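I have placed the structure first, in the form of structure tokens, so that the comments after it can refer back to it.
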Amino acid sequence: MSGGDPRHLPAAAQADLAERIAFHGQNIYGAAAAFNSSPLYARLCLDIAADPDLLTLIADADRAAQVANLLFAAVHYLLLANPSHPLAAFFPDLTDRTPAIDGRELPRPAAEAYPVFRAFCLEHAAAIRHLVTTRRVQTNEVRRCAILLPAFALVSRRAGGRPLALIEIGASAGLLMLWDQYRYDYGPAGTAGDPAAPLLLTCEPRGPHLPSLPTTLPTVVSRIGLDLNPIDVRDDNAMRWLRALIWPEHADRVQMLEAALAVARQQPPHIVAGNATQTLPALLAAAPPDAALCVYSSYALNQMPADVRQRVLAALTAAAHARDLYRISQEWYGQQAQPRLELFTYTAAETRSELLAHAESHGRWIEWLGPNM
Ligand SMILES: C[S@@+](CC[C@H](N)C(=O)[O-])C[C@H]1O[C@@H](n2cnc3c(N)ncnc32)[C@H](O)[C@@H]1O
């Protein structure tokens, strides 16, 4: 460690940041399930956590809890524009564009990446500092629609088949807003959606109960998203950031992202900019009166500070005095062992909650716990 080098963070701040990076490396990128891990990022975290120069570089990241994701996305973003840099040889998603180096097999081993990664970060220090202080973790994971779909079907059924008026809190680029434009394969639980849809999302059912799938998807009468920073699917730089947020080993996620973006560019989703605390009440009030009003969020409420989240939820309770409404929540809060799919039913008298499923955070599997249809 650096001791008293004035260019570095104070020791306590450095130790705090090092702990966050090490935690992320071990628990997030180093996930036990290989499909959900990033061996490259997990390995790099070990060295970043012990490197005062790198910790100082990311010290000003606005969202401390997301700092590891922000750093890796910033590096990946720059590398996607410069795939001939030697660092690209360690990135499984970039090695197809990188010539073999001295006949060595690609991608190069993660255990050898750190010196090259470090040099890249220091060469691009200004750009990285800018990215980690201005960008957000806005990963838009289209396969999460496979988790939402049985919940939308349940809401439609509970609402007597009335069309849905949908509001997504934290929509990012809006790829989940287009959930009824995709087709789904749940293995033994069956299929859903238009067989001619260009994007197929697969999801493995786990546990004793299969999710109930609708024979026809519910009708959507209106759909609107809201986000602090809506991502425009026609903006190439914003698309590169979305792409950079995907970990380098996850080729299937890149393919789904690209296919979903092609759908979204045909019909860019309408997303209102602003904090949900400000924008949600008016959208609730403007929803078509005869529809089943259904608000949903996916890995968005868990990004909000507790007081912001409380204000968002209070807006729903307040709106329930004028009409019944539903909220589908696909979230993973820090203290929970695994992600939860929940349905909240709001009436003037009460808010009722039901746990519908546990699910993998990128939508790869669902363990259905809700009612059968
Ligand atoms: C991780 S992304 C998830 C995107 C999408 N729901 C999904 O699951 O693929 C979380 C999104 O929530 C947005 N967000 C976070 N806090 C917000 C707030 N207070 N108001 C509106 N949007 C917010 C972020 O800007 C980001 O785009």
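The values are calculated or read from the model by the stated rules, or taken from the named source; none is laboratory data. The structure presented is a predicted model; accordingly, all values stated were derived computationally and were not measured. Please note: Cβ atoms are built from the backbone with ideal geometry, for glycine as well, and neighbour counts cover all protein chains shown.
So for the range 149-171 (the condition being surrounded by 20 or more Cβ atoms within 10 Å (Cβ to Cβ), under 17 Å from the mean Cα position of the chain (by Cα), closer than 30 Å to Leu55 by Cα and within 14 Å of the ligand (Cβ to nearest atom)), does at least one residue qualify? Within the range 149-171, one or more residues are surrounded by 20 or more Cβ atoms within 10 Å (Cβ to Cβ), under 17 Å from the mean Cα position of the chain (by Cα), closer than 30 Å to Leu55 by Cα and within 14 Å of the ligand (Cβ to nearest atom). Once the range 288-306 is narrowed to residues that are under 17 Å from Glu331 (Cβ atoms) and surrounded by fewer than 18 Cβ atoms within 10 Å (Cβ to Cβ), the residue that is nearest to the ligand (Cβ to nearest atom) is Pro305.
Please determine, by comparing only the residues of the range 17-55 that are out of contact with any helix residue (DSSP H, G or I) (no Cβ under 8 Å at 6 or more places or on another chain) and in a helix (DSSP H, G or I), which one is surrounded by the fewest Cβ atoms within 10 Å (Cβ to Cβ).
That would be Ala34.
Quick one: in the range 307-335, which of the residues that are β-branched (Val, Ile, Thr) and surrounded by fewer than 16 Cβ atoms within 10 Å (Cβ to Cβ) is nearest to the ligand (Cβ to nearest atom)? The selected residue is Val308.
Checking the stated criteria, Ala260 turns out not to satisfy the condition of being in a helix (DSSP H, G or I), within 12 Å of the ligand (Cβ to nearest atom), more than 25 Å from Glu141 (Cα to Cα) and small (Gly, Ala, Ser). Of the residues making up the range 244-291, those that are touching a residue at least 12 places away in the same chain (Cβ under 8 Å) and either outside the structural domain of Arg364 (by TED's automatic domain parsing) or among the small types (Gly, Ala, Ser) (or both) are Ala244, Ala251, Ala259, Ala260, Ala262, Ala264, Ala273, Gly274, Ala276, Ala285, Ala287, Ala291.
Of the helices (runs of 4 or more DSSP H) lying entirely inside the range 64-182, the ones with 2 or more residues being free of Cβ contacts under 8 Å to residues at least 12 places away in the same chain are found at 114-123, 125-134. The conditions of being away from the ligand (no atom under 16 Å from the Cβ), surrounded by fewer than 21 Cβ atoms within 10 Å (Cβ to Cβ) and modelled with pLDDT of 95 or more are not met by Glu105.
Does the range 235-256 hold any residues that are in a helix (DSSP H, G or I) and touching a Pro at 6+ places or on another chain (Cβ under 9 Å), and which are they? If the condition is that a residue be in a helix (DSSP H, G or I) and touching a Pro at 6+ places or on another chain (Cβ under 9 Å), then Ala251 is the only one that fits.
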